Amino acid sequence: MPEELLYYRALNYRASLDKDSYDRKNRLERGFTGEQKYDEILDQTGHQNMYIFRDIYLNIGGSITQYDALLITESGIAVNEIKNFTGEYRVEGSSWYTGNYILPDDAPSQLRRAAGKLMRLRQKLGYDFAVTGKLIFPDENFHLYSREENLWNQVVLRSEMGDYFRSFENEYSGEFASKLADLVEQHIVANPYFKLGVEFGSIRNGLYCGGCGSFYLKKQYFHFACQSCGSRESTETHLVRAMSDFKYLFGSARMTTKRIMEFIGEMVDYRTVFRALNKYCYAEGRRKSTHYKFKYYDFDEAMRKEIPGRKYKDYLK
């Protein structure tokens with residue numbers, strides 16, 4: 001899930017989003033849904049014979065470019081630009097329209113820029129590999145109308161995605177593909193555009209239900225029971241969610257035991273919070289200056305990796 005979407009999701013639980021933030025969150029949600037559909041179909045058709053990079057930023061020649069997906073084989077690198085558009089679109093010349101509205105930045109231009117950066121890298125390093133690109137539209141309700149023949153060579157609709165992925169069946173990933181993957185990895189950088197954050201005291205503190213988002217919880221011995229939907233989640237699950245939210249809501253602010261206690265509204269005792277911080281975070285500094293960095297990308301990753309060893313289970317409705 002993109003960092004920006006994690007920020008807006010956490011903020012949406014703890015504050016009222018203004019119209020711009022609400023619209024931005026919905027666009028990000030839609031884009032993420034499209035990428036999940038892409039992954040699902042790619043998994044169904046199989047991808048054991050290639051290297052795949054998903055949602056990365058590459059620094060090439062001092063310029064940073066985001067890539068939705070790179071498929072790497074012995075033949076070269078295929079750039080996939082994923083666009084989860086829905087509804088009717090038409091293309092006239094180089095302009096894309098939805099209704100009477102013209103898109104400010106058309107999809108083929110984005111694809112050309114992304115592929116062009118990889119070509120520049122190829123030229124700089126003297127490598128000989130092909131760079132190809134496709135615009136992937138995973139929504140079943142997307143309809144495109146155009147008389148531009150060159151455009152259709154770049155487009156893969158939902159009904160064509162399986163065939164497109166199967167076109168890589170005769171490819172393989174050997175020593176050269178491994179070198180290309182290493183090359184890509186060497187140029188990966190953190191997302192430089194994610195600079196969002198809120199003031200610590202500007203949002204609602206406490207714990208909320210992972211099922212319905214309600215803050216109306218009742219403390220049990222090892223769980224919190226949601227009084228709105230009936231879900232029961234362990235205290236540990238709630239603390240992990242709070243750590244993940246803290247990471248994305250407050251930017252570079254340090255997560256200390258005192259801060260996380262305030263953030264959860266002191267709904268969990270200090271010793272339990274302290275143990276959870278030392279289990280799910282890296283501790284930095286000493287004694288009074290100790291602060292914590294969440295070990296995982298987000299709540300979902302932490303739960304996937306830690307749940308098998310957990311004693312107390314969750315019961316979401």
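Taking the criterion of being open to solvent by 50 Å² or more (accessible area, probe 1.4 Å) and more than 26 Å from Tyr216 (Cβ to Cβ), would at least one residue in the range 8-21 satisfy it? Give the steps one after another, and end with the answer.
Step one: filter the range 8-21 for residues open to solvent by 50 Å² or more (accessible area, probe 1.4 Å), giving 9, 12-13, 16, 18-20.
Add one more test, that the residue is more than 26 Å from Tyr216 (Cβ to Cβ), and what stays is 19-20.
Yes: the range 8-21 contains one or more residues that are open to solvent by 50 Å² or more (accessible area, probe 1.4 Å) and more than 26 Å from Tyr216 (Cβ to Cβ).
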Checklist entry - How many of the residues making up the range 286-304 are in a helix (DSSP H, G or I) and within 22 Å of Ser231 (Cα to Cα)? => result 6
Next on the checklist: Exactly one of these conditions fails for Ala114: (1) assigned to a helix (DSSP H, G or I); (2) farther than 16 Å from Tyr67 by Cβ; (3) in contact with a strand residue (DSSP E or B) (Cβ under 8 Å, 6 or more places away or on another chain). Give me its number.
Outcome noted: (2)
Checklist entry - Tell me, which residue of the range 143-155 that is part of a strand (DSSP E or B) and in contact (Cβ under 8 Å) with a residue 24 or more places away in the chain is surrounded by the fewest Cβ atoms within 10 Å (Cβ to Cβ)? => result Tyr145
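For Ser75, are the conditions met, namely being touching a residue at least 40 places away in the same chain (Cβ under 8 Å), farther than 20 Å from Leu6 by Cβ, buried (at least 16 other Cβ atoms within 10 Å of the Cβ) and of a type in the set (Ser, Thr, Tyr)?
On the way: touching a residue at least 40 places away in the same chain (Cβ under 8 Å): yes; farther than 20 Å from Leu6 by Cβ: yes; buried (at least 16 other Cβ atoms within 10 Å of the Cβ): yes; of a type in the set (Ser, Thr, Tyr): yes.
Spelling it out, Ser75 is indeed touching a residue at least 40 places away in the same chain (Cβ under 8 Å), farther than 20 Å from Leu6 by Cβ, buried (at least 16 other Cβ atoms within 10 Å of the Cβ) and of a type in the set (Ser, Thr, Tyr).
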Checklist entry - Within the range 83-102, how many residues are surrounded by 14 or more Cβ atoms within 10 Å (Cβ to Cβ) and either in a strand (DSSP E or B) or of a type outside the set (Ser, Thr, Tyr) (or both)? => result 8
Checklist outcome for this item: All conditions in (1) closer than 17 Å to Leu157 by Cβ; (2) part of a strand (DSSP E or B); (3) of a type outside the set (A, V, I, L, M, F, W, C); (4) out of contact with any Phe, Trp or Tyr (no Cβ under 8 Å at 6 or more places or on another chain) are true of Gln44 except (2)
Item to check | Any hit, the range 159-168, residues being touching a residue at least 40 places away in the same chain (Cβ under 8 Å), surrounded by fewer than 17 Cβ atoms within 10 Å (Cβ to Cβ), within 30 Å of Met50 (Cα to Cα) and of a type in the set (Gly, Ala, Ser) | outcome: yes
Next on the checklist: Can you tell me which condition Asn80 does not meet? The list is (1) of a type in the set (S, T, N, Q); (2) open to solvent by less than 40 Å² (accessible area, probe 1.4 Å); (3) not in a strand (DSSP E or B), and all the others hold.
Outcome noted: (3)
Item to check | Cβ-Cβ under 6 Å pairs, at least 6 apart or on other chains, the range 174-203 side over 23 Å from Leu118 (Cα atoms) and touching a residue at least 24 places away in the same chain (Cβ under 8 Å), far side surrounded by fewer than 15 Cβ atoms within 10 Å (Cβ to Cβ) and of a type in the set (Gly, Ala, Ser) | outcome: Gly197/Gly251; Ile203/Ala15
Next on the checklist: Out of everything in the range 36-58 that is among the charged types (D, E, K, R) and over 21 Å from Ala181 (Cα atoms), what residue ends up being farthest from the chain's Cα centre (by Cα)?
Outcome noted: Glu40
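The values are calculated or read from the model by the stated rules, or taken from the named source; none is laboratory data. Because the structure is a prediction, the values reported are computed rather than measured. Note that we place each Cβ from the backbone using ideal geometry, even for glycine, and neighbour counts take in every protein chain shown. Protein only, heavy atoms only, side chains kept; ligands, DNA and RNA dropped before computing areas. Shrake-Rupley method; radii C 1.70, N 1.55, O 1.52, S 1.80 Å.
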